[in-house]
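Peer 1: Okay, here's the structure, questions in a sec.
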Amino acid sequence: MARKPVSPTSETAAPPSDPRRRAIEALMRLAANRAWSEIELSDIAAEAGLSLSSLRGLFPSKLAMLGGLTRLVDDAVLAGSSDDLAGEPIRERLFDLVMRRLDALAPYKEGLRRIMPVIRRDPLTLAALNRGAVNSWRYMLASAGIPTEDALGGLRVQGAVLLMARVGETWLGDDEPELSRTMARLDRELKRAGAIMARVEDVHRLTAPLRGLARALCSGKRPHIRRRERSDERPRGGEAEDYAPAI
């Protein structure tokens, strides 16, 4: 399961003067040493070397800055994508993709350790972050050549978001250089996800005729029934009696 580590490139490495990146990284530095609720917007502005009005022009909230972190990681992973695994099974491609994403998140690990337990206790915040994660993983899967726009695309994307969340829980507590616990958890989750998707695809394929009938009924159209045309039609009434069969 070889993977290509994510490293800054000329395309993704933002210059020090990039105010958005400065704000995001300032938040993550503060989060590594303070409780989430103790970090004020003015603290972030001061840490980033920005005025409060400049920070307001960049992000409306701390949660938006977490969304900005997701975008930074997306850019790093997408820039590092290649066709090396194009012929590999989907499971191998996903393994590589998740590990490269974790590589990109590594500089912010200490901050995420303190942030995530707080986020998980807030359903509204979780829902908002899930929307951003869905958008992120739509591009992640596309970069690995995995369909996202067909009938089951939405399910694949949301499944990838859940898989990443579960593996991320293990990763946050895994301090081994080789991340053996994280990779073992990822391997288990990929096996489980593969089995679930196989069953879903089977059901989707088997129920295709029923879905077609349901669409026809919902549209108000009667299913088209082909009637056999009689080649020996006879005129009705009057002359028709001349053709009446003898009894």
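The numbers here are math on the coordinates, done by the rules we state, and not lab data. This one's a predicted model, so the numbers in the text were calculated from it and none came from an experiment. Here the Cβ positions follow ideal geometry from the backbone for every residue, glycine too, while neighbour counts run over all protein chains shown.
Peer 1: Could you state the number of Å between the C-alpha centres of segment 98-116 and segment 134-166?
Peer 2: Centre-to-centre (Cα) distance: 20 Å.
Peer 1: While we're here: Any idea what the relative contact order of segment 61-158 is, in percent, if you count C-alpha pairs under 8 Å spaced at least 6 apart? Write out the running numbers ahead of the final one.
Peer 2: Values: 50 pairs, mean separation 34.8, N = 98.
Relative contact order of segment 61-158: 36 percent.
Peer 1: Moving on. To the nearest 20 debye, what charge dipole does segment 85-162 have about its Cα centre, counting +1 at the Cβ of each Lys and Arg and -1 at the Cβ of each Asp and Glu? Write out the running numbers ahead of the final one.
Peer 2: Numbers: 12 positive and 8 negative charges, 76 e Å.
Computed charge dipole of segment 85-162: roughly 360 debye.
Peer 1: Around residue 107, what is the net charge, scoring Lys/Arg as +1 and Asp/Glu as -1 over all other residues with Cβ under 11 Å from its Cβ?
Peer 2: -1
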